[in-house]
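A short worksheet on the structure shown next.
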Amino acid sequence: MASNEDIFKKVVSHAKEFGFVFPSSEIYDGLSATYDYAQNGVELKNNIKKYWWTAMVQMNENIVGLDAAIFMHPKTWKASGHVDAFNDPLIDNKDSKKRYRADVLVEDHIAKIEGKINKDITKAKKRFGDAFKEEEFRNTNPNVLRRVGEIEKIEAQLKAVQVNEDLEGFKSLIEELGIVCSVSGSKNWTEVRQFNLMFGTEMGSVAGDASTIYLRPETAQGIFVNYLNVQKTGRMKIPFGIAQIGKAFRNEIVARQFIFRMREFEQMEMQFFVKPGTQKKWYEHWKEARIKWHKALNLGSDNYRFHDHLKMAHYADAATDIEFNFPIGFKELEGVHSRTDFDLSKHEEFSGKKLRYFDNEDNESYVPYVVETSIGLDRMFLAVLSSSFNEEKLEDGSERVVLNIPPALAPTKAAVLPLVKKDGLPEKAREVMKTLQYDHICAYEEKDSIGKRYRRQDAIGTPYCITVDHQTLDDNTVTIRERDTMSQERVAIDQLPRIIGEKVSMKNLFIEPVVSV
Ligand code: GAP
């Protein structure tokens, strides 16, 4: 069986080979931690955006959209705390000169211990077969219990150094855990220092501090500074939300793992404005709504878990990550944060403008509290791509690589294929294609054998292949081949738009599909 690392490598090279993701400016050897989305990637990305926008804006009458500028007044970032507190703790290995995030070194160490627990569980599962009870094993096995205790102790130590910003303590923790550099293998570490993650640039022609503006490190602040404009012009009543999709930039020090951690990336964020005191209720509401959104994709319910933050960001009173089981392990995919009234209060203070809400029902005015959901679009893309990637051995002994992407998210919905390149079949296939193109991205292919063409479509995740054959000329029917089962059925051409439309509809992700053929 291929290791997770092998699978990750395969996913990365598949993404390039089949036109999903390319390294940015590759002809100049690329730019680290920046990537371009290619012909299939951009479609998948757009479909993920649509799924999110439909769930957040279209399906909630009290949530509206926004598209704020990336550049914002410099005071925004002073008010939000990003100038002073948006830092990562860094540490260098003196021998390899490789730079690490101190917290990531400790988290990776914890992940290794978790890996050992999982190994013990897998072994026991094999030994005991059907009689194996995982929960009981976790609660009683001495090795597992010792390791869980070890993890809890390290987590508590990590939380303490983070909360107290104890940089010396951070270094001591790394030394105490015996963490070595993966390149040099040595424990020869520098001190830990803080590094601000924002990219600064100059606006206009004047250089100097006064004109320094930042590329936004989160899209959320564009929502906060527009809160009152939207509330007033949209006549929004609390509770209500503002959603936005857009680019964000962070000068990540440890930028690696493909599109998982990039310096330019995209976020899908929603700020939900609530009455003070009700934030806990709404925090739970959004945790549940967001995990439901993820699980509806059927990428495997076991692939998700919540991970409550050990160290709260400077603005939050509760925060959790929705983690996904990427080939690089369980990692953060989305955050749900209860941000209190921190941001709006700070913007009131720094702008001198009131950002209050007058509650007619209670006849009182207050600064709303905010519950935020924030998901990285690129990480969502990686979650879909990596969990859809499958290498299958078929009954006839052959192999295929298939992307089992949920049909509603698939880049190309249908490929129209004339069985042979003669006898009027290509012309007929073009006619069929025209009936579908209004609604869907479709592909037309006539080169190579039908088997090879099916494989090419499997590799980019096309859920339906429509084959035009000689019978089509007689009775106006075609076959639809389903990607996952490879089963085929014959249908009338005039029914195709309806059938394909129903099968790939985004509605299927919200309600049970009702597809009649
Ligand atoms: N407004 C809150 C906020 O920005 P965050 O946890 O820092 O919170 C939210 O980021 C999400 O953005 C993360 O869960 C992750 O999916 C994505 N994200 C953050 N940094 C990223 C990076 N360097 N590359 C790709 N995605 C990133």
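The values are calculated or read from the model by the stated rules, or taken from the named source; none is laboratory data. Values in this document were obtained by computation on a predicted structure and should not be read as measured data. With ideal geometry, Cβ positions are generated from the backbone for all residues, glycine too; neighbour counts draw on all protein chains shown.
Observations
- All conditions but one from (1) assigned to a loop (DSSP other than H, G, I, E, B); (2) touching a helix residue (DSSP H, G or I) at 6+ places or on another chain (Cβ under 9 Å) apply to residue 379; the one that does not is (1).
- Residue check, residue 343 more than 13 Å from the chain's Cα centre (by Cα), within 10 Å of the ligand (Cβ to nearest atom) and either at pLDDT 95 or above or among the hydrophobic types (A, V, I, L, M, F, W, C) (or both): yes
- Test: residue in segment 362-373 that is at pLDDT 95 or above, within 26 Å of the chain's Cα centre (by Cα) and more than 16 Å from the ligand (Cβ to nearest atom): no
- Test: residue in segment 234-244 that is among the basic types (Lys, Arg), more than 14 Å from the ligand (Cβ to nearest atom) and part of a loop (DSSP other than H, G, I, E, B): yes
So that you can scan it fast, the table gives a plain yes or no per residue for (1) within 27 Å of the chain's Cα centre (by Cα); (2) assigned to a helix (DSSP H, G or I):
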position: 170; (1), (2): no, yes
position: 175; (1), (2): no, yes
position: 183; (1), (2): no, no
position: 187; (1), (2): no, no
position: 194; (1), (2): yes, no
position: 218; (1), (2): yes, no
position: 221; (1), (2): yes, yes
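- Counting only helices (runs of 4 or more DSSP H) wholly contained in segment 437-517, the ones carrying 2 or more residues that are touching a strand residue (DSSP E or B) at 6+ places or on another chain (Cβ under 9 Å) and of a type in the set (A, V, I, L, M, F, W, C) occupy 450-459, 496-504.
- Count of residues meeting criterion [more than 23 Å from residue 262 (Cα to Cα) and away from the ligand (no atom under 12 Å from the Cβ)] in segment 311-337: 2
- Being among the aliphatic types (A, V, I, L, M) and within 11 Å of the ligand (Cβ to nearest atom) is a description that applies to residue 223.
- The combined condition, being assigned to a helix (DSSP H, G or I), of a type outside the set (Val, Ile, Thr), buried (at least 19 other Cβ atoms within 10 Å of the Cβ) and more than 10 Å from the ligand (Cβ to nearest atom), is fulfilled by residue 231.
- Residues being in a loop (DSSP other than H, G, I, E, B) and within 9 Å of the ligand (Cβ to nearest atom) - total across segment 252-261: 3
- Number of the condition not met by residue 264 [criteria: (1) near the ligand (Cβ under 9 Å from one of its atoms); (2) in contact (Cβ under 8 Å) with a residue 40 or more places away in the chain; (3) crowded, with 18+ Cβ neighbours inside 10 Å; (4) not aliphatic (A, V, I, L, M)]: (3)
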